[in-house]
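Have a look at the structure below, then the notes.
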Amino acid sequence: MSSESRGILIVDLGAQYTQLIARRVREAGAWSEIAPAVKALDQARGMDLGGIILSGGPASVYSDEAPPVDPGLLELGVPVLGICYGMQWMCHVLDGGEVLAADEREYGHTQMQVADATGLLDGVEGEVRVWMSHGDRVESIPSGFRLQASSATCPFAVVADDARRFYGVQFHPEVSHTERGRDILRNFLYGICGMPGDWVAEGIAEREIRKVRELVGEDGEVVLGLSGGVDSAVAAMIVHKAIGDRLHCIFVDNGLLRKNEVSVVEEAFHQHLGMDLTTVDAADRFLGKLAGVTDPELKRKAIGYTFIDVFRDEAKRFNHANFLGQGTLYPDVIESVAVHGGNTAVIKSHHNVGGLPDDLEMELVEPLRELFKDEVREVGRHLGVDERILMRQPFPGPGLAVRIVGEVTQERCELLREADHIVTSEIQAAGAHEGLWQYFAVLLPVKSVGVMGDARTYENACALRIVESQDGMTADWGYLDHELLRKISNRIINEVRGINRVVLDISSKPPSTIEWE
Ligand code: XMP
């Protein structure tokens with residue numbers, strides 16, 4: 001991947017935090033890309049390189065598993081910051097350095113004493129709380145290096161060689177547990193690498209619009225599937241800005257969408273922005289494929305395949321269009337077996353229901369391919385994408401189907417859609433959605449007895465799923481005020497004919513998951 005902006009190359013040495021480093025660098029306003037160790041030197045040579053960050057990693061420099069880093073990275077004449085394992089590797093390969101193998105890891109907070117608050121530690125003085133996670137440690141530093149900070153357990157917490165502009169930190173400045181971590185990274189980016197600080201929404205948007213224009217040319221046409229979510233919306237916006245009415249959007253109504261979803265999408269993209277949008281009513285096709293299916297995985301597969309079939313049929317109508325637009329994000333692209341250079345892409349397989357067949361024989365246009373989710377929102381906001389779409393809760397590709405436990409029928413979809421609409425609108429009206437990751441209703445395959453007026457009812461139960469999370473990987477159930485819960489429950493039971501009981505899901509992830517299927 002090459003970039004037109006001056007960038008920082010982050011060499012992935014196997015750390016769980018590599019993506020976080022890239023995000024922190026970008027949040028600070030500098031372009032960054034990630035390279036697997038084995039490809040790093042080539043990638044570095046192909047970009048306008050402002051500096052290199054060597055990530056942490058689980059290996060020991062002495063182990064057979066040590067990532068194959070090319071020492072040529074230290075000869076490119078740019079500043080290098082080694083974080084944790086990255087620092088150990090530098091000290092191991094440079095003359096005079098020595099790394100001591102350790103059997104145990106040091107993990108957690110430690111107090112670091114700063115002896116020299118200059119350069120990387122400019123303005124970072126006294127005692128600083130830092131987050132450590134390492135096994136081996138540096139025993140002696142290479143010639144030309146000096147010590148800037150240490151802790152009780154780690155004599156070389158920060159080291160620097162100002163002449164060669166090589167820096168090493170044993171702790172993790174990228175994690176939020178490290179005080180002043182952002183300042184330390186900023187010192188590296190601006191004080192040491194002299195980055196231009198041009199990575200802001202406006203610049204990102206302009207750059208991606210320009211790239212789409214160049215790729216698609218004067219008369220190319222793009223077909224793009226909108227999902228109603230943020231990513232495809234922002235991708236469409238960028239392509240539309242680039243080529244106007246040569247973009248054709250397709251929105252598949254699979255009958256598993258939330259209430260008003262079709263009208264929000266049509267209003268935002270067609271009426272408001274004037275995009276060419278075709279809404280395909282494919283509800284019967286999807287529900288037909290789901291008839292009698294109760295196994296969660298089979299449901300997901302049926303939906304995925306049907307989506308591809310429907311999209312392929314629609315795309316045929318645009319057979320003059322030679323490009324296919326997609327909202328693929330950077331985390332989906334970064335190679336996972338990065339350290340040893342495998343080519344396996346990280347794909348949240350069961351999550352990528354929108355994955356399209358490659359036999360469409362169209363060239364891909366992926367304007368978000370180099371962006372993280374938070375950057376996508378920023379760019380979308382800058383370009384004027386409807387706030388209702390930008391701030392949407394994540395919604396799974398298979399839609400309401402994974403929230404209807406058991407068989408999915410039109411009637412059950414209707415029940416859930418109504419109940420879910422009450423949950424969403426009440427929580428938003430109360431302003432309680434701030435800080436929540438998702439809040440929705442789940443229809444259970446359970447009937448129970450109730451009494452309404454003087455009559456006995458025997459109807460469905462639904463669960464409220466309200467979660468807090470940073471990224472969907474882990475989650476905790478979110479607290480809602482009892483009065484608000486009461487209101488939601490009363491409204492569902494009174495207004496949704498067919499539901500007579502509401503229960504609250506108080507499970508965290510792990511061991512549960514956010515969606516029920
Ligand atoms: P789970 O249920 O795995 O969900 O805890 C984690 C997050 O992912 C969303 N999710 C999906 N998103 N396609 C998507 O685009 C899917 O198939 C899918 N399944 C789950 C879920 O809503 C939650 O935010």
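The table below lists the values:
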item: Within region 469-491, considering residues that are touching a Phe, Trp or Tyr at 6+ places or on another chain (Cβ under 9 Å) and modelled with pLDDT under 95, the one surrounded by the fewest Cβ atoms within 10 Å (Cβ to Cβ); result: Gln470
item: Residue in region 41-59 that is under 29 Å from the mean Cα position of the chain (by Cα), surrounded by 15 or more Cβ atoms within 10 Å (Cβ to Cβ) and more than 28 Å from Lys373 (Cα to Cα) present; result: yes
item: Any hit, region 472-486, residues being polar (S, T, N, Q), within 16 Å of the ligand (Cβ to nearest atom) and not in a helix (DSSP H, G or I); result: yes
item: Qualifying residues in region 47-60 (those that are out of contact with any Leu (no Cβ under 7 Å at 6 or more places or on another chain) and at pLDDT below 95) - the one farthest from Gly7 (Cα to Cα); result: Ser60
item: Qualifying residues in region 361-389 (those that are more than 16 Å from the ligand (Cβ to nearest atom) and surrounded by fewer than 16 Cβ atoms within 10 Å (Cβ to Cβ)) - the one modelled with the highest pLDDT; result: Arg381
item: Residue list for region 276-307, filter: β-branched (Val, Ile, Thr) and within 24 Å of Ala236 (Cβ to Cβ); result: Thr278, Thr279, Val280, Ile303, Thr306
item: Positions within region 147-165 being buried (at least 23 other Cβ atoms within 10 Å of the Cβ) and either in contact with a Gly (Cβ under 8 Å, 6 or more places away or on another chain) or free of Cβ contacts under 8 Å to residues at least 24 places away in the same chain (or both), in sequence order; result: Gln148, Phe156, Val158, Val159, Ala160
item: Residues of region 431-468 classified as in a strand (DSSP E or B) and out of contact with any Phe, Trp or Tyr (no Cβ under 8 Å at 6 or more places or on another chain), total; result: 18
item: Close pairs (8 angstrom Cβ cut-off, 6 or more residues apart or separate chains): assigned to a strand (DSSP E or B) in region 23-35, among the acidic types (Asp, Glu) anywhere; result: Trp31/Asp198; Glu33/Glu370; Ile34/Asp12; Ala35/Asp12
item: Residue identified as at pLDDT 95 or above, away from the ligand (no atom under 16 Å from the Cβ), in contact with a strand residue (DSSP E or B) (Cβ under 7 Å, 6 or more places away or on another chain) and of a type in the set (A, V, I, L, M) among Ala432, Ala463, Ala441, Ala419; result: Ala419
item: Verdict on Ser508 being without any contact (Cβ under 8 Å) to a residue 60 or more places away in the chain, within 11 Å of the ligand (Cβ to nearest atom) and more than 25 Å from Ile303 (Cβ to Cβ); result: yes
item: So Gly194, is it part of a loop (DSSP other than H, G, I, E, B) and either in the same structural domain as Gln113 (by TED's automatic domain parsing) or under 23 Å from Asp116 (Cα atoms) (or both); result: yes
item: Criterion (touching a Cys at 6+ places or on another chain (Cβ under 7 Å) and either buried (at least 17 other Cβ atoms within 10 Å of the Cβ) or assigned by TED's automatic domain parsing to the domain that holds Leu13 (or both)) met by exactly one of Gly144, Gly168; result: Gly168
item: Lys447 out of contact with any His (no Cβ under 9 Å at 6 or more places or on another chain) and within 16 Å of the ligand (Cβ to nearest atom); result: no
item: Boolean, Glu125 is surrounded by fewer than 15 Cβ atoms within 10 Å (Cβ to Cβ) and of a type in the set (D, E, K, R); result: yes
item: Options Leu298, Leu356; residue that is modelled with pLDDT under 65, more than 16 Å from the chain's Cα centre (by Cα) and within 16 Å of the ligand (Cβ to nearest atom); result: Leu356
item: Number of the exception - Leu273 against (1) at pLDDT below 95; (2) aliphatic (A, V, I, L, M); (3) touching a strand residue (DSSP E or B) at 6+ places or on another chain (Cβ under 9 Å); result: (3)
item: Per-region count, region 390-404, residues away from the ligand (no atom under 13 Å from the Cβ) and farther than 18 Å from His272 by Cα; result: 1
item: Matching residues, region 197-230, being away from the ligand (no atom under 16 Å from the Cβ) and part of a loop (DSSP other than H, G, I, E, B); result: Gly197, Asp198, Trp199, Val200, Gly217, Glu218, Asp219, Gly220, Glu221
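The values are calculated or read from the model by the stated rules, or taken from the named source; none is laboratory data. Everything numeric in this text was worked out from a predicted model, so none of it was measured. A quick note on method: Cβ atoms are made from the backbone with ideal geometry, for glycine too, and the neighbour counts reach across all protein chains shown.
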